[in-house]
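Colleague: Below you'll find the structure I mean.
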Amino acid sequence: MSAIRLLVLGAVRQHGRAHGYQVRNDLEYWGAHEWSNAKPGSIYHALKQMAKQGLLLAHETAPSTAGGPPRTEYEITDKGTEEYLGLVREALTSYDQKPDVLASALGFIVDLEREEALKLLRDRVRSIQEWRKSVTEYYTPEGGPDRLGHIGEIMNLWVHSAGAGEEWTRGLIERIEGGAYTFAGEGEPFRGVLAEGQANPYATGTRHPGDDR
């Protein structure tokens, strides 16, 4: 799964309707340009591609105030919402050693109902345990990674990462069970988006006319 697809769909959905620079600004505000492939070119490409696929609806609006071409604003469709929620569920459940995908899903976990989020996270714990069991059938950490030469350090890394991932997931489950955060159907959730024109303290560069695409 590509993190950029989930991130862009989720960012547009949170705004209701957003242009490319807003999506880029939000993802940089979340630091996604540091921990995922959410770079400017990838964001604009994803918006255009998902509009062609019917996941987003493109609206041509007034020309950019910065003197660029007409601004395109995007709105998520019913098909896009279905795709988006499916990606969130898949990312929370599967253990595929891609932290950017999991991080993307965490940013939108409150779009699910609390009980569903808990179920998916419990499924994630089971996925990690099953993965670790399959690996340790031929690799045992207690035997020491050096018995496989330096290559053993690769499996040593993943097995230890799996253990840390399980511990973290269990902690998140406990926090959610304890009432942390506002999930779908419980009220107005926290939205980590920037208002139109609001300065982004984590912006990576200067805005240019073409950024309104």
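Colleague: Six or more apart or on different chains, Cβ under 8 Å: which pairs go from a residue in the range 98-120 that's under 12 Å from residue 32 (Cβ atoms) to one that's among the aromatic types (Phe, Trp, Tyr) and assigned to a loop (DSSP other than H, G, I, E, B)? Could you list them?
Modeller: From residues that are under 12 Å from residue 32 (Cβ atoms), the pairs are 107/30.
Colleague: Separate question: Which of the residues spanning the range 72-82 are surrounded by fewer than 20 Cβ atoms within 10 Å (Cβ to Cβ), touching a residue at least 40 places away in the same chain (Cβ under 8 Å) and out of contact with any His (no Cβ under 7 Å at 6 or more places or on another chain)?
Modeller: Residue satisfying the conditions is 81 alone.
Colleague: Look through the range 148-163, keep the residues that are modelled with pLDDT under 80 and aliphatic (A, V, I, L, M), and return whichever of them is farthest from the chain's Cα centre (by Cα).
Modeller: For the range 148-163, the residue satisfying everything is 148.
Colleague: Do you know which residues across the range 169-213 are in a helix (DSSP H, G or I), over 20 Å from residue 44 (Cβ atoms) and either of a type outside the set (Asp, Glu) or modelled with pLDDT under 70 (or both)?
Modeller: Within the range 169-213, the first condition is being in a helix (DSSP H, G or I), and the residues that meet it are 169-177, 209-212.
Those left that are additionally over 20 Å from residue 44 (Cβ atoms): 169-177.
Within the range 169-213, 169, 170, 171, 172, 173, 175, 176 qualify.
Colleague: Return the total of residues in the range 5-41 being surrounded by fewer than 20 Cβ atoms within 10 Å (Cβ to Cβ), small (Gly, Ala, Ser) and under 15 Å from the mean Cα position of the chain (by Cα).
Modeller: Here the count works out to 1.
Colleague: Out of the residues in the range 90-139 that are hydroxyl-bearing (Ser, Thr, Tyr) and part of a helix (DSSP H, G or I), state the one that is surrounded by the fewest Cβ atoms within 10 Å (Cβ to Cβ).
Modeller: 134
Colleague: What residue, among those in the range 151-188 that are of a type outside the set (A, V, I, L, M), more than 20 Å from residue 98 (Cβ to Cβ) and touching a Leu at 6+ places or on another chain (Cβ under 7 Å), is surrounded by the most Cβ atoms within 10 Å (Cβ to Cβ)?
Modeller: Checking each candidate, the answer is 183.
Colleague: Against the condition at pLDDT 90 or above and in a helix (DSSP H, G or I), how does residue 166 come out, does it pass?
Modeller: Judged against the criteria, residue 166 is a match.
The values are calculated or read from the model by the stated rules, or taken from the named source; none is laboratory data. Note that the structure is predicted; figures quoted are calculated from it, not measured. Note that we place each Cβ from the backbone using ideal geometry, even for glycine, and neighbour counts take in every protein chain shown.
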